[in-house]
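So the structure is just underneath, and the comments pick up after that.
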Protein chains: 2
Amino acid sequence: MTAAEPTTRTSLLDAAELLITERGFARASVRAITEAANANVAAVNYHFGSKLELIKAVIERRIGPLNAERLRRLEACEAGGEVTLEAVVEAFVAPAIADARAESHRQRLARLLGMAFSQPSSELRAVMLQQFRPVIDRFVPVLIELLPDVSQEQIYWRVHFMIGALAFTIGLGDIVEAYSDGRCDASDMDSISRQLVEFLTAGFRYGTPGEDSR
Amino acid sequence: MTAAEPTTRTSLLDAAELLITERGFARASVRAITEAANANVAAVNYHFGSKLELIKAVIERRIGPLNAERLRRLEACEAGGEVTLEAVVEAFVAPAIADARAESHRQRLARLLGMAFSQPSSELRAVMLQQFRPVIDRFVPVLIELLPDVSQEQIYWRVHFMIGALAFTIGLGDIVEAYSDGRCDASDMDSISRQLVEFLTAGFRYGTPGEDSR
DNA sequence: GTCTATAGGTGGATAGAC
DNA sequence: GTCTATCCACCTATAGAC
């Protein structure tokens with residue numbers, strides 16, 4: 001708990017994260033991970049018990065702090081008395097994009113997140129559900145209060161739409177560069193974050209056409 | 001080209017699709033696929049050349065018709081003279097959700113789509129890009145015309161947000177059921193489609209706050 | 001904690017008979 | 001086109017010396 005010397009354990013986590021985002025869960029072999037970490041083949045089993053437990057640890061190490069930051073920002077909003085819809089959406093979106101910008105692992109976290117979500121493995125999806133649960137439980141009531149004309153059910157769906165747009169955007173932003181023939185810059189995180197927040201805020205606020213039309 | 005008798009080739013495609021969406025690309029082995037298709041182990045290599053080529057064929061078989069339907073619906077809008085923003089968004093969203101409802105493979109197509117997108121394998125991502133390119137190229141100009149105050153760059157990003165929300169929703173709708181403690185029904189495709197179209201339409205239309213505020 | 005060696009298994013692919 | 005038999009690369013996990 002003193003300094004940040006690279007233990008074998010953290011080296012394994014780093015190497016695993018890198019290789020998983022590069023190759024996927026299945027093709028990131030224990031052999032390759034231990035080799036990249038300058039550790040022994042048996043190190044994964046010694047430190048984590050199995051490859052699956054290592055993967056879980058990789059996911060939890062990233063998603064945990066990310067979601068904690070989301071909660072922290074939401075609480076900062078409430079403490080400041082400025083609980084606008086836009087601020088709440090930003091509290092959810094911005095930490096993920098900020099994290100994607102940090103270091104060299106630009107899309108790594110989000111791709112990891114997206115991969116873990118879309119993985120059919122029920123084990124990994126359970127980890128994701130467990131990690132996201134407190135965040136959803138905290139954000140939804142705030143959104144309900146901010147949008148009294150929108151039903152609870154609709155709020156849940158819109159939160160889901162938000163997560164989808166966010167995960168897809170960070171993990172696969174480079175696709176837009178290809179489609180737009182370079183007109184869009186997937187590395188301009190500030191612009192992306194702003195555009196996404198504005199888009200989602202509008203969806204939350206105006207996503208219910210006049211009730212009289214039904 | 002006469003009837004639809006189940007050839008070995010199509011049995012392999014069906015079995016591969018099912019197993020891929022259940023287990024993922026890596027864990028859907030050639031052995032399991034051929035067994036499920038009541039075919040011989042060597043059949044995959046005989047008919048497709050390799051496992052990778054089989055996977056590509058599975059993706060193309062589903063995404064191709066889906067995107068063709070999107071183009072067809074967009075053209076129907078234009079022919080009818082009713083090119084509203086909502087109709088255009090619906091032309092993009094509804095075919096995917098309709099397909100997800102058909103047969104028993106509820107989330108299969110979309111999960112396949114999401115998995116193929118988030119797969120680090122550059123081979124598969126190239127297939128996805130190639131399949132989506134004509135759709136993007138067709139929808140973007142229409143959206144530009146409908147939203148003269150929104151820059152081209154922003155349109156591309158919003159289309160990206162739309163795809164993300166859509167893919168995530170169809171592929172992982174059951175997550176919402178868990179988070180909402182059953183308040184949301186992920187099998188009510190009509191409701192989901194309507195809500196998603198309304199959410200996205202609002203994002204497209206009102207996603208740009210007044211310019212005077214900057 | 002780290003290493004070597006190896007067990008024990010599954011993967012994709014193919015050769016060659018039918 | 002279909003089958004069997006087989007090759008061989010690679011994987012996870014562990015036992016046991018250091």
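Derivation of every value follows stated rules applied to the coordinates shown; laboratory data play no part. No experiment lies behind these values; they were computed from the predicted model shown. Because the Cβ atoms are built from the backbone with ideal geometry, glycine has one as well, and the counts that use them run over all protein chains shown.
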Please provide three numbers in whole Å: the alpha-carbon extents of the protein assembly as shown along the principal axes, with the largest listed first.
-> 74, 60, 43
Cα-based radius of gyration of the range A:124-199 once divided by 2.2 N^0.38 Å, which approximates compact folds | 1.34
Pairs of Cα atoms farther than 12 Å apart, the range B:35-88, % | 73 percent
First measure r as the distance between the Cβ atoms of A:ALA26 and A:ARG61, then evaluate 1/(1 + (r/R0)^6) with R0 = 22 Å and state the FRET efficiency to the nearest 0.05.
-> 0.65
Efficiency of FRET between B:ASP190 and A:THR10 - r from beta-carbon atoms, R0 56 angstrom, step 0.05 | 0.70
Across B:ALA32, B:ALA94, B:ALA79, the residue with the highest GNM fluctuation in chain B (Cα network, 10 Å cutoff) is B:ALA79
List the distances, in nm and shortest first, from the label point of B:ILE144 to the matching label points in every other copy, placing each point 7 Å from Cα along the Cα-to-Cβ direction.
-> 4.4
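When 1/r is averaged over all different Cα pairs and the result inverted, which Kirkwood radius in Å belongs to chain B? Spell out each step's value before the answer.
Numbers: mean 1/r = 0.0529 Å⁻¹.
Taking every pair of different Cα atoms in chain B, averaging 1/r and inverting gives 18.9 Å.
Once the cut-off is 22 Å, how many percent of the Cα-Cα pairs in the range B:78-176 end up in the long-distance tail? If you can, show how the numbers build up before the last one.
Numbers: 1744 of 4851 pairs.
That tail contains 36 percent of the Cα-Cα pairs.
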Signed unit charges on C-beta, dipole axis of the protein assembly as shown, positive-most listed residue A:GLY64, B:LEU166, A:PHE25 | A:PHE25
Output row for B:THR10: copy-to-copy label distances, label 7 Å along Cα→C-beta, ascending, in nanometres, one decimal, is 5.8
Obtain the nm distance between the two label points defined at B:ILE144 and B:GLU69 by a simple spin-label model: each point lies 7 Å from its Cα along the Cα-to-C-beta direction.
-> 2.9 nm
Give the value in nm², to one decimal: projected area of the alpha carbon convex hull of the range B:120-168, averaged over all directions.
-> 3.9 nm²
Nearest to the axis that maps chain B onto chain A: list the chain B residue whose Cβ wins, with the distance in whole angstrom.
-> B:ALA26, 2
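Based on Cβ point charges of +1 for Lys and Arg and -1 for Asp and Glu, what charge dipole magnitude is obtained for the protein assembly as shown about its Cα centre, in debye rounded to the nearest 20?
Numbers: 46 positive and 58 negative charges, 337 e Å.
My answer is approximately 1620 debye.
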Quick one: P(r) of the range B:7-63 from all Cα-Cα pairs, 5 Å bins, percents rounded to integers, in order of increasing distance.
-> 4, 23, 38, 26, 7, 0
On a 0 to 90 degree scale, rounded to 10, what angle separates helix B:122-146 from the longest Cα axis of chain B?
-> 30 degrees
The alpha-carbon center of the range B:124-163 and that of the range A:1-68 are separated, in whole Å, by 37 Å
Give the relative contact order (percent, whole number) for the range B:46-162; include only Cα pairs under 8 Å separated by 6+ residues.
-> 26 percent
Separation of the A:GLU35 and A:THR84 label points, Cα + 7 Å toward Cβ, nm | 5.3 nm
Output row for B:ARG72: copy-to-copy label distances, label 7 Å along Cα→C-beta, ascending, in nanometres, one decimal, is 5.2
For the residue pair B:ASP137 and B:SER121, what label-to-label distance in nm results when each label sits 7 Å from Cα along the Cα-to-beta-carbon direction?
-> 2.6 nm
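When the helices in the protein assembly as shown are scored as -39500 (n - 2.57) per DSSP H run of 4 or longer and the sum is shared across all residues, what 222 nm value do you end up with, to the nearest 500 deg cm²/dmol? Show your work: numbers first, answer last.
Values: 18 runs with 316 residues, N = 428.
That comes out to -25000 deg cm²/dmol.
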